[in-house]
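Working notes, structure below.
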Amino acid sequence: MTSWSHGYVADSPYTFSYQAAQAPGNLALICAMMGVDWQPTAHMNVADIGCGRGYTVNTLAAANPGWNVFGLDYNPAHIAEAASVAERAQINNATFVEADLAEMTDAEIDQLPELDLVSLHGVWTWVADPVRAGIVRLLSRRLKPGGLCYIGYNALPGFGGDMALQRLFRHLTALHPVGSSPEKARAAVPMIRALHATKPANLPPTNMLKRIAEDETELDASYLAHEFLTAHWRPVFFEDLCADLAPAKLDHVGSAGFHENVADLLFSPEQREIYEALPMGTPREFLKDLVLQRPFRRDIFIRGLRRTDPVPALDRLVFGISKTLPDKSPNIAVPVGSAEIGPELWEPIVAALREGPQSLGQLRTLTPGRNPNAAELLTVLAGAGCVLPMLRDVGPSEATRNFNRTVAETYWREGRRGGQYAMASPVLAAGIPCSWMELAVAVQLGDAGGETPDPETIARRILPDISGDALEGAKDMVSELLRERPDVWRRFGII
Ligand SMILES: C[S@@+](CC[C@H](N)C(=O)[O-])C[C@H]1O[C@@H](n2cnc3c(N)ncnc32)[C@H](O)[C@@H]1O
């Protein structure tokens with residue numbers, strides 16, 4: 001631990017990550033479906049609090065030239081890295097501020113402009129009470145009336161099982177007083193695995209514990225250190241979060257995860273009866289938290305809730321294909337079983353989308369007499385990752401191309417150890433989550449200006465140090481991407 005960190009892990013950087021839930025298209029979709037009046041505009045002031053290494057801030061800034069995007073974090077290593085990526089990518093509408101939320105004075109907070117959108121992903125349940133108080137102060141002072149706030153956090157009771165695991169981590173890491181936080185976390189893992197094998201009565205075999213126990217490669221030690229070694233890590237009940245946010249006058253809009261707002265997909269008939277009997281708001285959300293596997297909640301709040309009719313709001317949203325559409329509807333697992341779209345609807349929808357982007361209203365009226373509702377269509381189309389909401393009708397931009405090139409070069413060595421890449425899209429006004437290989441190949445195609453170099457040329461350019469079997473493997477991967485992805489990249493203005 002460093003002396004200035006108030007118990008948060010600051011001696012190693014957090015994994016770099018793009019958070020898709022923060023995309024304005026996703027926020028607009030959820031607001032529309034919940035009947036809440038909010039739409040992103042071309043000129044907004046946006047802040048990401050506890051922005052980590054700034055991947056999301058830089059992506060949003062590159063994809064929205066009319067926005068001013070602020071990233072606040074108290075770790076100078078995070079801020080320096082995020083600012084350096086912005087500088088190399090020539091992003092001039094992202095501002096990174098080294099700021100401790102517990103210590104920012106009102107005068108410092110007021111130097112920020114009035115904000116249209118504030119995001120906090122993975123911060124609230126990791127930090128001490130004075131930091132949370134600072135966040136609420138910032139929201140109270142700077143979030144505009146009508147402004148949106150996205151919060152992603154560890155929720156109870158879903159994360160309750162891991163509270164014992166966190167205690168165990170902390171007792172075991174105390175056995176290794178020397179070394180960095182990730183080294184201490186890594187040193188604790190063998191004993192955690194040994195204990196898990198004995199099936200102790202009160203160390204629940206949660207997904208996290210199973211990943212630590214069984215998966216040698218997936219979890220990187222830096223992630224574990226940030227997740228479990230912070231002194232103040234404390235999952236919260238949704239209603240306690242709402243109470244803490246009350247001074248900022250925030251109303252709950254819904255979950256940033258589409259399915260979690262559709263009661264039909266979540267409850268058995270018996271559960272549904274109890275759900276309907278409960279008052280709207282926190283009691284119903286609590287029931288969802290009992291029923292869903294939801295250790296991490298992603299919630300959207302608004303300062304000043306105004307209702308709108310969800311049907312026209314959803315019908316106006318335009319969607320484009322984000323992966324090759326299968327001829328038969330995918331089957332999506334939902335808490336009550338599975339969901340799919342019958343062929344009488346799926347086939348005309350696929351045909352229309354293959355022609356070009358479509359509004360939800362157009363898709364809903366393709367089959368006269370059938371009129372599916374929006375939730376029915378989006379559960380499968382968006383749930384299977386087949387479509388994404390398109391916010392702007394524009395072509396490729398220099399800003400997103402520069403950004404994509406810069407992150408492909410900056411992060412390639414780290415790619416295998418966790419982290420989440422995305423390529424910035426001016427059409428989505430956000431990023432498309434992807435692998436490093438996809439990002440690197442898209443950058444090569446963009447730079448080739450309409451030509452498509454052969455797979456070997458691309459593989460040699462992006463991985464100049466490899467040869468033999470590794471080169472053959474890379475060529476195969478590039479060939480597959482060249483078959484599947486360029487149409488999508490063109491549609492979203494990436495190449
Ligand atoms: C778990 S990370 C999440 C980072 C980023 N939002 C993401 O999702 O990739 C939490 C972040 O909060 C920052 N943080 C912790 N305490 C803080 C404080 N008092 N003031 C500002 N930032 C803080 C950390 O430096 C870290 O980058």
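The values are calculated or read from the model by the stated rules, or taken from the named source; none is laboratory data. No experiment lies behind these values; they were computed from the predicted model shown. Glycine gets a Cβ as well: all are built from the backbone with ideal geometry, and neighbour counts include every protein chain shown. All accessible areas refer to the heavy atoms of the entire protein, side chains included, with ligands and DNA or RNA removed. Shrake-Rupley method; radii C 1.70, N 1.55, O 1.52, S 1.80 Å.
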| Residue-normalised accessible area of the stretch 162-228, given per residue in Å² at a 1.4 Å probe | 55
| request: State the answer as a single residue: which of GLY146, ALA32, VAL291 lies farthest towards the positive end of the charge dipole of the chain, with beta carbon charges of +1 for Lys and Arg and -1 for Asp and Glu, about the Cα centre. | output: VAL291
| Of all DSSP beta bridges located in the chain, what percent are antiparallel, nearest 5? | 55
| Semi-axes of the chain's equivalent ellipsoid from the Cα gyration tensor, sqrt of 5 times each eigenvalue, largest first, rounded to whole Å? | 33, 30, 25
| Carbon and sulfur together cover what percent of the accessible area of the chain at a 1.4 Å probe radius? | 52
| note | Note on the stretch 65-105: alpha-carbon gyration tensor, axes a ≥ b ≥ c; rule is a/c under 1.5 for rounded, else prolate if a/b larger than b/c, else oblate; result oblate
| request: Relative to the compact-globule scaling 2.2 N^0.38 Å, provide the ratio for the alpha-carbon radius of gyration of the stretch 398-491. | output: 1.03
| request: Per residue of the stretch 456-472, in order, report the coupling 6.51 cos²θ - 1.76 cosθ + 1.60 (Karplus, θ = phi - 60°) as ³J(HN,Hα) in whole Hz, putting x for Gly and Pro. | output: 5, 4, 5, 4, 5, 5, 7, 10, x, 8, 9, 8, x, 4, 4, 5, 4
| said: Starting from the 7 Å offset along Cα-to-Cβ, what nm value, one decimal, do you get for the label separation of TRP412 and GLU108? | reply: 3.9
| field | Karplus (6.51, -1.76, 1.60) ³J(HN,Hα), θ = phi - 60°, over the stretch 104-113, in Hz, Gly and Pro reported as x | value | 5, 7, 4, 5, 5, 4, 6, 6, 6, x
| field | Nearest-0.05 FRET efficiency for GLU239 and ALA448, computed from C-beta distance (R0 56 Å) | value | 0.55
| message | How far apart, in nanometres, would the label points at THR365 and ALA197 be if each is projected 7 angstrom from Cα along the Cα-to-Cβ direction? | response | 6.5
| task | Over the stretch 315-390, average the accessible area per residue using a 1.4 Å probe and give it in Å², no decimals. | result | 46
| Debye intensity ratio in log₁₀ form over the Cα atoms of the stretch 315-390, taken at each q of 0.12, 0.15, 0.25 Å⁻¹ | -0.27, -0.44, -1.30
| Over 30 Å between Cα atoms, which of LYS184/LYS288; LYS144/LYS323; LYS249/LYS323; LYS249/LYS288 qualify? | LYS184/LYS288; LYS144/LYS323; LYS249/LYS323
| Debye sum, Cα scatterers, the stretch 162-228, no solvent: what log₁₀ I/I(0) at q = 0.12, 0.25, 0.28 1/Å? | -0.26, -1.17, -1.45
